[in-house]
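The values are calculated or read from the model by the stated rules, or taken from the named source; none is laboratory data. No experiment lies behind these values; they were computed from the predicted model shown. Because the Cβ atoms are built from the backbone with ideal geometry, glycine has one as well, and the counts that use them run over all protein chains shown.
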Amino acid sequence: MSEDKDQELMDAKRAQDYVDSLPVLEEGQTFCFECTPDAACFNRCCRQLTLPLTPYDVLRMRRRLGMDSGQFLSQMTKLKSFPDSGLPVAMLKMRPDLDETCPFVTPAGCEIYDDRPGACRCYPLGRGTSPSPNGVAETHYLVQEPHCQGFSAKGARDWTAQEWFEHEGVLPYNEANDRYMRLSAMVAASGRPLDQKLSNMCMLCCYQLDKFRELVGRMKIFSRVKISEERRQAVMAQDEACLDFALDWMELVIFGQSEGLEKA
């Protein structure tokens, strides 16, 4: 096993150990929280982050910044993979300053706030998922960092996890991210992590939608699957539809079948 893979396994174990140490917010249970620019701790949570970016995060962020996928991934991320599945994951690079601050934080707050990553929107909740017969089972964790004063802020109110996610616009992120996590879980359950060739293909298809559209034309992918004209047009014109198709395509490539796509 390579040193990089050893490090990824160690990082994954540390991350899981941290998550396991957090209190679980049970269904219907509430937490009291408010975050405003007036808080003394404002922006403190935007330092020294270990922040994985999902394909949907990258879709929103690079579109907001007007960058192509190659630019964004090379300039803003480090590429790693999930140890148990081999699926790629992009990690946001921090600034090379003493505080290792997020590259998008300013004294006034996040400069891409409306398109910030799903993990930032969830805060101070963490969200764990696992496959279930009904789709995805959720576990919500309460992240109470020592510096955060949001739990005792003036005007703080009680929230359930669902109320918080709706308020912060998390739900579209969860829907898209759950598809990628489902694919990772399916590969992990097969006991055959992706080889480098398939991992690279997954990176292109899911994280580089501009290049995936070129691949669709070059490989005549639409002729290989049963797909309506309406969906074809949406894939080529809408990023969200393109990501949905890319995930179906990768599932078809890896497993030979997909719930959302049939071979022609």
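Collect the residues in region 68-88 that are under 14 Å from Q208 (Cβ atoms) and crowded, with 16+ Cβ neighbours inside 10 Å, keeping them in residue-number order.
S69, F72, L73, M76, T77, P88
Scan region 231-264 residue by residue and report those that are touching a residue at least 12 places away in the same chain (Cβ under 8 Å), over 26 Å from D195 (Cα atoms) and charged (D, E, K, R).
R231, D239, E240
Considering only residues that are surrounded by fewer than 19 Cβ atoms within 10 Å (Cβ to Cβ) and in a helix (DSSP H, G or I), which ones fall in region 89-120?
Hits for region 89-120 are Y113, D114, D115.
Give me the pairs: first residue in region 147-160 and farther than 17 Å from C122 by Cβ and outside the structural domain of T36 (by TED's automatic domain parsing), second residue basic (K, R) and at pLDDT below 90, beta-carbon distance under 6 Å, and six or more apart or on different chains, which are they?
Pairs found: none.
Quick one: would you say D158 is more than 18 Å from the chain's Cα centre (by Cα) and at pLDDT 95 or above? Show your work before the answer.
Values: more than 18 Å from the chain's Cα centre (by Cα): yes; at pLDDT 95 or above: yes.
Criteria met by D158.
What do you reckon, is K211 at pLDDT 95 or above, among the basic types (K, R), surrounded by fewer than 19 Cβ atoms within 10 Å (Cβ to Cβ) and under 16 Å from L73 (Cβ atoms)?
On the way: at pLDDT 95 or above: yes; among the basic types (K, R): yes; surrounded by fewer than 19 Cβ atoms within 10 Å (Cβ to Cβ): yes; under 16 Å from L73 (Cβ atoms): yes.
So K211 fits the description; yes.
When residues of region 185-239 are filtered for being of a type in the set (K, R) and in contact with a helix residue (DSSP H, G or I) (Cβ under 8 Å, 6 or more places away or on another chain), how many remain? Before you say what the answer is, go through the steps one by one.
Let us first name the residues in region 185-239 that are of a type in the set (K, R), namely 192, 197, 211, 213, 218, 220, 224, 226, 231-232.
From what is left, the residues that are in contact with a helix residue (DSSP H, G or I) (Cβ under 8 Å, 6 or more places away or on another chain) are 211, 213, 231-232.
Residues that pass the stated criteria total 4.
Only residues that are among the small types (G, A, S) and either on the phi > 0 side of the Ramachandran plot or surrounded by 12 or more Cβ atoms within 10 Å (Cβ to Cβ) (or both): list them for region 129-159, please.
As a first pass, look at region 129-159 and keep what is among the small types (G, A, S): 130, 132, 135, 137, 150, 152-153, 155-156.
Within region 129-159, G135, G150, A153, G155, A156 meet the criteria.
Is it the case that region 161-171 has a residue that's over 22 Å from Q29 (Cβ atoms), assigned by TED's automatic domain parsing to the domain that holds P52, of a type in the set (A, V, I, L, M) and in a loop (DSSP other than H, G, I, E, B)?
no
Could you please let me know if A185 is under 20 Å from S132 (Cβ atoms), in contact with a strand residue (DSSP E or B) (Cβ under 6 Å, 6 or more places away or on another chain), assigned to a helix (DSSP H, G or I) and at pLDDT below 95? If you could, list the steps in order and put the result at the bottom.
Working: under 20 Å from S132 (Cβ atoms): yes; in contact with a strand residue (DSSP E or B) (Cβ under 6 Å, 6 or more places away or on another chain): yes; assigned to a helix (DSSP H, G or I): yes; at pLDDT below 95: yes.
When the stated conditions are applied, A185 passes them.
Among L49, L79, which is more than 12 Å from the chain's Cα centre (by Cα) and assigned to a strand (DSSP E or B)? Walk me through it before giving the result.
Working: L49 fails: assigned to a strand (DSSP E or B).
Step by step, each of L49, L79 is checked, and only L79 is more than 12 Å from the chain's Cα centre (by Cα) and assigned to a strand (DSSP E or B).
So which of R62, R121 ends up being under 15 Å from the mean Cα position of the chain (by Cα) and without any contact (Cβ under 8 Å) to a residue 40 or more places away in the chain? Talk me through it step by step, then tell me what you get.
Numbers: R121 fails: without any contact (Cβ under 8 Å) to a residue 40 or more places away in the chain.
Result of the check over R62, R121: R62.
Let's see how each residue does on (1) in contact with a Cys (Cβ under 6 Å, 6 or more places away or on another chain); (2) within 21 Å of R182 (Cβ to Cβ); (3) at pLDDT 95 or above:
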{"position": "P83", "(1), (2), (3)": "no, yes, no"}
{"position": "C102", "(1), (2), (3)": "yes, no, yes"}
{"position": "P107", "(1), (2), (3)": "no, no, no"}
{"position": "G135", "(1), (2), (3)": "no, yes, no"}
{"position": "E138", "(1), (2), (3)": "no, yes, no"}
{"position": "Q144", "(1), (2), (3)": "no, no, no"}
